[in-house]
Amino acid sequence: MAYSEKVIDHYENPRNVGAFEKDDDSVGTGMVGAPACGDVMKLQIKVSEDGIIEDAKFKTYGCGSAIASSSLVTEWVKGKSIDEAQAIKNTDIAEELALPPVKIHCSVLAEDAIKAAVNDYKEKRGK
Amino acid sequence: MNYFELFGLEPNFFINEAELSSKLRALLNASHPDRFASSGSQQQMIAMQKTTQLNDAFAVLKHPVRRAQYLLELKTGIDATKEVTVKDPMFLMQQLELREQLETIIEQKNVSDLINFSDNIELMADSQRDELAQEFEQVEWNTQSIQTAIYKLQFLYKTLADIEAAEDKLLD
(Lines give C-alpha, C1' and ligand atoms only; values in the text may rest on other atoms or scores of the structure.)
Protein backbone atom coordinates (compact mmCIF):
# COMPACT_ATOMS: atom_id res chain seq x y z
CA MET A 1 0.00 0.00 0.00
CA ALA A 2 1.31 3.43 -0.89
CA TYR A 3 1.38 6.08 1.79
CA SER A 4 0.60 9.68 0.88
CA GLU A 5 3.43 12.21 0.97
CA LYS A 6 1.97 13.82 4.08
CA VAL A 7 1.90 10.51 5.92
CA ILE A 8 5.50 9.83 4.96
CA ASP A 9 6.52 13.32 6.07
CA HIS A 10 4.94 12.88 9.52
CA TYR A 11 6.30 9.37 9.77
CA GLU A 12 9.85 10.40 8.95
CA ASN A 13 9.72 13.67 10.86
CA PRO A 14 7.15 13.14 13.59
CA ARG A 15 6.27 16.37 15.40
CA ASN A 16 6.10 16.62 19.16
CA VAL A 17 7.23 13.14 20.11
CA GLY A 18 7.71 12.86 23.84
CA ALA A 19 5.94 13.07 27.14
CA PHE A 20 4.83 15.46 29.87
CA GLU A 21 4.71 14.60 33.54
CA LYS A 22 1.46 12.65 33.76
CA ASP A 23 0.69 13.82 37.30
CA ASP A 24 1.10 17.52 36.43
CA ASP A 25 -2.18 19.34 37.09
CA SER A 26 -2.06 21.17 33.76
CA VAL A 27 -1.52 17.99 31.74
CA GLY A 28 -4.20 15.76 30.24
CA THR A 29 -3.22 12.27 29.09
CA GLY A 30 -5.13 10.17 26.57
CA MET A 31 -4.28 6.50 26.23
CA VAL A 32 -5.94 4.51 23.45
CA GLY A 33 -5.25 1.29 21.61
CA ALA A 34 -6.50 -0.69 18.63
CA PRO A 35 -6.47 -4.42 19.41
CA ALA A 36 -6.82 -5.63 15.81
CA CYS A 37 -3.46 -4.14 14.79
CA GLY A 38 -2.00 -3.81 18.30
CA ASP A 39 -1.40 -0.06 17.99
CA VAL A 40 -0.90 1.88 21.21
CA MET A 41 -1.19 5.67 21.27
CA LYS A 42 -0.47 8.16 24.05
CA LEU A 43 -1.42 11.77 23.46
CA GLN A 44 -0.83 14.50 26.04
CA ILE A 45 -1.85 18.14 26.21
CA LYS A 46 -0.52 20.93 28.39
CA VAL A 47 -3.27 23.40 29.13
CA SER A 48 -2.98 27.01 30.32
CA GLU A 49 -5.13 28.41 33.13
CA ASP A 50 -7.55 29.89 30.61
CA GLY A 51 -8.15 26.55 28.90
CA ILE A 52 -5.86 26.95 25.89
CA ILE A 53 -3.64 24.08 24.81
CA GLU A 54 -0.10 25.42 24.96
CA ASP A 55 1.73 22.28 23.95
CA ALA A 56 1.07 18.69 22.97
CA LYS A 57 3.15 15.51 22.86
CA PHE A 58 2.58 11.99 21.65
CA LYS A 59 4.09 8.55 21.60
CA THR A 60 2.64 5.99 19.23
CA TYR A 61 3.58 2.40 18.55
CA GLY A 62 1.86 1.45 15.34
CA CYS A 63 1.84 1.80 11.59
CA GLY A 64 2.84 4.89 9.62
CA SER A 65 -0.75 6.11 9.42
CA ALA A 66 -1.23 5.86 13.19
CA ILE A 67 1.99 7.77 13.82
CA ALA A 68 1.09 10.42 11.22
CA SER A 69 -2.45 10.80 12.60
CA SER A 70 -1.23 11.42 16.15
CA SER A 71 1.60 13.67 14.99
CA LEU A 72 -0.83 15.78 12.97
CA VAL A 73 -3.27 16.08 15.88
CA THR A 74 -0.54 17.38 18.22
CA GLU A 75 0.16 20.11 15.65
CA TRP A 76 -3.50 20.96 15.21
CA VAL A 77 -4.41 21.27 18.88
CA LYS A 78 -1.72 23.74 19.83
CA GLY A 79 -3.33 27.12 20.43
CA LYS A 80 -6.82 25.66 20.45
CA SER A 81 -9.18 25.67 23.42
CA ILE A 82 -9.88 22.28 24.94
CA ASP A 83 -13.42 22.41 23.58
CA GLU A 84 -12.15 23.14 20.07
CA ALA A 85 -9.68 20.27 20.40
CA GLN A 86 -12.46 17.94 21.43
CA ALA A 87 -14.37 18.86 18.28
CA ILE A 88 -11.65 17.53 15.95
CA LYS A 89 -13.13 14.90 13.68
CA ASN A 90 -11.37 11.82 12.42
CA THR A 91 -12.64 12.60 8.93
CA ASP A 92 -10.61 15.85 8.94
CA ILE A 93 -7.48 13.90 9.90
CA ALA A 94 -8.13 11.23 7.27
CA GLU A 95 -8.72 13.87 4.62
CA GLU A 96 -5.61 15.89 5.47
CA LEU A 97 -3.43 12.77 5.33
CA ALA A 98 -5.29 11.20 2.38
CA LEU A 99 -5.67 7.95 4.31
CA PRO A 100 -6.98 4.98 2.32
CA PRO A 101 -10.16 3.27 3.62
CA VAL A 102 -8.25 0.46 5.41
CA LYS A 103 -6.39 3.08 7.46
CA ILE A 104 -9.36 5.17 8.52
CA HIS A 105 -9.29 3.52 11.95
CA CYS A 106 -5.91 5.17 12.57
CA SER A 107 -7.58 8.58 12.35
CA VAL A 108 -10.40 7.35 14.61
CA LEU A 109 -7.75 6.33 17.12
CA ALA A 110 -6.19 9.80 17.03
CA GLU A 111 -9.60 11.45 17.51
CA ASP A 112 -10.32 9.15 20.45
CA ALA A 113 -6.87 9.95 21.88
CA ILE A 114 -7.38 13.73 21.92
CA LYS A 115 -10.86 13.29 23.39
CA ALA A 116 -9.44 11.02 26.10
CA ALA A 117 -6.70 13.57 26.84
CA VAL A 118 -9.22 16.42 27.21
CA ASN A 119 -11.45 14.25 29.40
CA ASP A 120 -8.51 13.34 31.59
CA TYR A 121 -7.63 17.02 31.98
CA LYS A 122 -11.23 17.95 32.80
CA GLU A 123 -11.50 15.15 35.37
CA LYS A 124 -8.31 16.35 37.04
CA ARG A 125 -9.66 19.85 37.20
CA GLY A 126 -13.05 18.65 38.34
CA LYS A 127 -14.77 20.64 35.62
CA MET B 1 -20.91 -27.47 9.53
CA ASN B 2 -18.92 -25.13 11.79
CA TYR B 3 -15.14 -25.30 12.15
CA PHE B 4 -15.29 -27.35 15.34
CA GLU B 5 -17.66 -29.89 13.84
CA LEU B 6 -15.42 -30.12 10.79
CA PHE B 7 -12.75 -31.53 13.11
CA GLY B 8 -15.20 -33.59 15.14
CA LEU B 9 -14.70 -31.34 18.17
CA GLU B 10 -17.03 -29.85 20.74
CA PRO B 11 -17.08 -26.03 20.49
CA ASN B 12 -14.62 -25.26 23.30
CA PHE B 13 -11.87 -22.73 23.78
CA PHE B 14 -9.64 -25.47 25.15
CA ILE B 15 -8.07 -27.37 22.30
CA ASN B 16 -5.43 -30.07 22.18
CA GLU B 17 -3.14 -28.71 19.49
CA ALA B 18 -1.42 -32.01 18.78
CA GLU B 19 -4.79 -33.68 18.33
CA LEU B 20 -5.95 -30.85 16.08
CA SER B 21 -2.87 -31.21 13.86
CA SER B 22 -3.17 -34.98 13.56
CA LYS B 23 -6.87 -34.66 12.72
CA LEU B 24 -6.00 -32.12 10.04
CA ARG B 25 -3.51 -34.51 8.46
CA ALA B 26 -6.02 -37.36 8.45
CA LEU B 27 -8.82 -35.23 7.02
CA LEU B 28 -6.57 -33.65 4.38
CA ASN B 29 -5.38 -37.08 3.40
CA ALA B 30 -8.96 -38.35 3.05
CA SER B 31 -10.02 -35.45 0.88
CA HIS B 32 -6.84 -35.08 -1.15
CA PRO B 33 -7.77 -34.12 -4.74
CA ASP B 34 -5.38 -36.77 -6.08
CA ARG B 35 -7.61 -39.45 -4.59
CA PHE B 36 -10.30 -38.31 -6.97
CA ALA B 37 -8.11 -38.23 -10.06
CA SER B 38 -10.26 -40.86 -11.77
CA SER B 39 -13.58 -39.61 -10.38
CA GLY B 40 -14.13 -36.74 -12.79
CA SER B 41 -13.61 -33.01 -12.43
CA GLN B 42 -16.63 -32.33 -10.25
CA GLN B 43 -15.46 -34.73 -7.55
CA GLN B 44 -12.00 -33.19 -7.73
CA MET B 45 -13.49 -29.73 -7.38
CA ILE B 46 -15.38 -30.78 -4.25
CA ALA B 47 -12.21 -32.31 -2.83
CA MET B 48 -10.32 -29.09 -3.47
CA GLN B 49 -13.00 -27.01 -1.78
CA LYS B 50 -12.89 -29.34 1.20
CA THR B 51 -9.13 -28.96 1.43
CA THR B 52 -9.39 -25.18 1.42
CA GLN B 53 -12.12 -25.27 4.05
CA LEU B 54 -10.05 -27.55 6.29
CA ASN B 55 -7.01 -25.31 6.05
CA ASP B 56 -9.08 -22.19 6.80
CA ALA B 57 -10.70 -23.89 9.79
CA PHE B 58 -7.35 -25.10 11.08
CA ALA B 59 -5.83 -21.61 10.88
CA VAL B 60 -8.70 -20.22 12.98
CA LEU B 61 -8.82 -23.01 15.55
CA LYS B 62 -5.06 -23.12 16.05
CA HIS B 63 -4.73 -19.43 16.92
CA PRO B 64 -6.01 -18.59 20.43
CA VAL B 65 -7.28 -15.11 19.48
CA ARG B 66 -8.99 -16.22 16.28
CA ARG B 67 -10.41 -19.29 18.00
CA ALA B 68 -11.82 -17.15 20.81
CA GLN B 69 -13.34 -14.68 18.34
CA TYR B 70 -14.83 -17.50 16.31
CA LEU B 71 -16.27 -19.27 19.36
CA LEU B 72 -17.74 -16.03 20.71
CA GLU B 73 -19.43 -15.25 17.42
CA LEU B 74 -20.63 -18.82 16.98
CA LYS B 75 -22.32 -18.87 20.39
CA THR B 76 -23.43 -15.26 20.85
CA GLY B 77 -23.31 -13.58 17.44
CA ILE B 78 -20.90 -10.96 18.82
CA ASP B 79 -18.26 -9.90 16.30
CA ALA B 80 -15.07 -9.26 18.27
CA THR B 81 -12.99 -8.70 15.13
CA LYS B 82 -14.32 -5.20 14.47
CA GLU B 83 -12.06 -2.16 14.74
CA VAL B 84 -12.60 -0.72 18.19
CA THR B 85 -10.76 1.74 20.39
CA VAL B 86 -9.68 0.37 23.74
CA LYS B 87 -9.55 2.93 26.56
CA ASP B 88 -8.02 1.19 29.52
CA PRO B 89 -5.28 3.60 30.71
CA MET B 90 -3.62 1.21 33.18
CA PHE B 91 -3.37 -1.66 30.75
CA LEU B 92 -2.36 0.52 27.79
CA MET B 93 0.30 2.34 29.81
CA GLN B 94 1.79 -1.04 30.67
CA GLN B 95 1.72 -2.04 26.99
CA LEU B 96 3.38 1.23 26.00
CA GLU B 97 6.11 0.66 28.57
CA LEU B 98 6.72 -2.83 27.21
CA ARG B 99 7.10 -1.43 23.69
CA GLU B 100 9.50 1.20 25.03
CA GLN B 101 11.58 -1.48 26.73
CA LEU B 102 11.72 -3.44 23.50
CA GLU B 103 12.75 -0.31 21.60
CA THR B 104 15.64 0.25 24.02
CA ILE B 105 16.76 -3.37 23.78
CA ILE B 106 16.73 -3.15 19.97
CA GLU B 107 18.71 0.11 20.01
CA GLN B 108 21.32 -1.46 22.28
CA LYS B 109 21.36 -4.63 20.15
CA ASN B 110 21.36 -6.60 23.39
CA VAL B 111 20.58 -10.19 22.41
CA SER B 112 20.46 -11.67 25.92
CA ASP B 113 18.13 -8.90 27.11
CA LEU B 114 15.96 -9.55 24.08
CA ILE B 115 15.72 -13.25 24.92
CA ASN B 116 14.86 -12.52 28.56
CA PHE B 117 12.30 -9.97 27.48
CA SER B 118 10.81 -12.44 25.03
CA ASP B 119 10.50 -15.11 27.75
CA ASN B 120 8.83 -12.59 30.00
CA ILE B 121 6.23 -11.54 27.42
CA GLU B 122 5.56 -15.16 26.55
CA LEU B 123 4.76 -15.85 30.20
CA MET B 124 2.45 -12.84 30.26
CA ALA B 125 0.71 -14.01 27.08
CA ASP B 126 0.33 -17.55 28.47
CA SER B 127 -1.25 -16.28 31.65
CA GLN B 128 -3.53 -13.96 29.67
CA ARG B 129 -4.55 -16.91 27.50
CA ASP B 130 -5.36 -18.89 30.66
CA GLU B 131 -7.48 -15.98 31.87
CA LEU B 132 -9.37 -16.05 28.59
CA ALA B 133 -9.83 -19.81 28.91
CA GLN B 134 -11.30 -19.29 32.40
CA GLU B 135 -13.79 -16.79 31.01
CA PHE B 136 -14.97 -19.41 28.52
CA GLU B 137 -15.27 -21.96 31.37
CA GLN B 138 -17.96 -19.90 33.09
CA VAL B 139 -21.44 -21.41 32.89
CA GLU B 140 -22.85 -17.98 32.09
CA TRP B 141 -20.46 -16.20 29.76
CA ASN B 142 -19.65 -12.60 30.59
CA THR B 143 -19.22 -11.45 27.00
CA GLN B 144 -17.67 -8.13 28.07
CA SER B 145 -15.00 -9.89 30.11
CA ILE B 146 -14.36 -12.29 27.25
CA GLN B 147 -13.85 -9.43 24.81
CA THR B 148 -11.52 -7.67 27.25
CA ALA B 149 -9.49 -10.84 27.71
CA ILE B 150 -9.28 -11.22 23.93
CA TYR B 151 -8.01 -7.71 23.29
CA LYS B 152 -5.43 -7.95 26.07
CA LEU B 153 -4.09 -11.08 24.42
CA GLN B 154 -4.02 -9.29 21.04
CA PHE B 155 -1.75 -6.53 22.40
CA LEU B 156 0.62 -9.07 23.95
CA TYR B 157 0.77 -11.07 20.72
CA LYS B 158 1.59 -7.87 18.84
CA THR B 159 4.55 -7.31 21.16
CA LEU B 160 5.60 -10.93 20.61
CA ALA B 161 5.42 -10.40 16.84
CA ASP B 162 7.61 -7.28 17.23
CA ILE B 163 10.06 -9.31 19.30
CA GLU B 164 10.22 -11.96 16.62
CA ALA B 165 10.94 -9.35 13.96
CA ALA B 166 13.67 -7.91 16.19
CA GLU B 167 15.18 -11.36 16.74
CA ASP B 168 15.35 -11.93 13.01
CA LYS B 169 17.20 -8.64 12.65
CA LEU B 170 19.57 -9.02 15.57
CA LEU B 171 20.38 -12.70 15.27
CA ASP B 172 21.03 -13.08 11.55
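Miscellaneous remarks
- Residue check for B:Leu61: of a type outside the set (Gly, Ala, Ser) and at pLDDT below 95: no
- Annotation: B:Glu140 fulfils all but one of (1) among the acidic types (Asp, Glu); (2) more than 20 Å from A:Val32 (Cα to Cα); (3) open to solvent by 80 Å² or more (accessible area, probe 1.4 Å); (4) assigned to a helix (DSSP H, G or I); the unmet one is (4).
- Boolean, A:Ile53 is of a type in the set (Val, Ile, Thr), in contact with a Gly (Cβ under 9 Å, 6 or more places away or on another chain), buried (at least 16 other Cβ atoms within 10 Å of the Cβ) and modelled with pLDDT of 95 or more: yes
- Selection of the range A:29-45 for residues being more than 7 Å from every other protein chain (Cβ to nearest Cβ) and in a strand (DSSP E or B) yields A:Thr29, A:Gly30, A:Asp39, A:Met41, A:Leu43, A:Gln44, A:Ile45.
- Selection of the range A:46-64 for residues being more than 13 Å from every other protein chain (Cβ to nearest Cβ) and either in contact with a helix residue (DSSP H, G or I) (Cβ under 6 Å, 6 or more places away or on another chain) or within 15 Å of B:Thr159 (Cβ to Cβ) (or both) yields A:Val47, A:Gly51, A:Ile53, A:Ala56, A:Gly64.
- Sole residue being away from every other protein chain (no Cβ under 14 Å) and touching a residue at least 24 places away in the same chain (Cβ under 8 Å), chosen from B:Leu170, B:Leu132, B:Leu123, B:Leu160: B:Leu170
- Scanning the range A:97-127 for residues being more than 11 Å from chain B (Cβ to nearest Cβ), more than 14 Å from the chain's Cα centre (by Cα) and more than 19 Å from A:Ile45 (Cβ to Cβ) gives a total of 4.
- Number of the exception - B:Phe13 against (1) surrounded by 17 or more Cβ atoms within 10 Å (Cβ to Cβ); (2) in a helix (DSSP H, G or I); (3) within 18 Å of the chain's Cα centre (by Cα): (2)
- Taken over the range B:79-90, the criterion of being more than 8 Å from chain A (Cβ to nearest Cβ) and either part of a helix (DSSP H, G or I) or touching a strand residue (DSSP E or B) at 6+ places or on another chain (Cβ under 6 Å) (or both) is satisfied by B:Met90 alone.
- Filter result (under 23 Å from the mean Cα position of the chain (by Cα), β-branched (Val, Ile, Thr) and open to solvent by 50 Å² or more (accessible area, probe 1.4 Å)) within the range B:74-105: B:Thr76, B:Thr81, B:Val84
- Residues in the range B:99-121 that are touching a helix residue (DSSP H, G or I) at 6+ places or on another chain (Cβ under 7 Å) and either assigned to a helix (DSSP H, G or I) or not basic (Lys, Arg) (or both): B:Arg99, B:Gln101, B:Leu102, B:Ile105, B:Ile106, B:Val111, B:Asp113, B:Leu114, B:Phe117, B:Ser118, B:Ile121.
The values are calculated or read from the model by the stated rules, or taken from the named source; none is laboratory data. Since the structure is predicted, the reported quantities are computational estimates derived from the model, not experimental observations. For neighbour counting, all protein chains shown are included, and Cβ atoms are generated from backbone atoms with ideal geometry for every residue, glycine included. Calculation scope for accessible area: heavy atoms of the full protein, side chains included, ligands and nucleic acids excluded. Shrake-Rupley method; radii C 1.70, N 1.55, O 1.52, S 1.80 Å.
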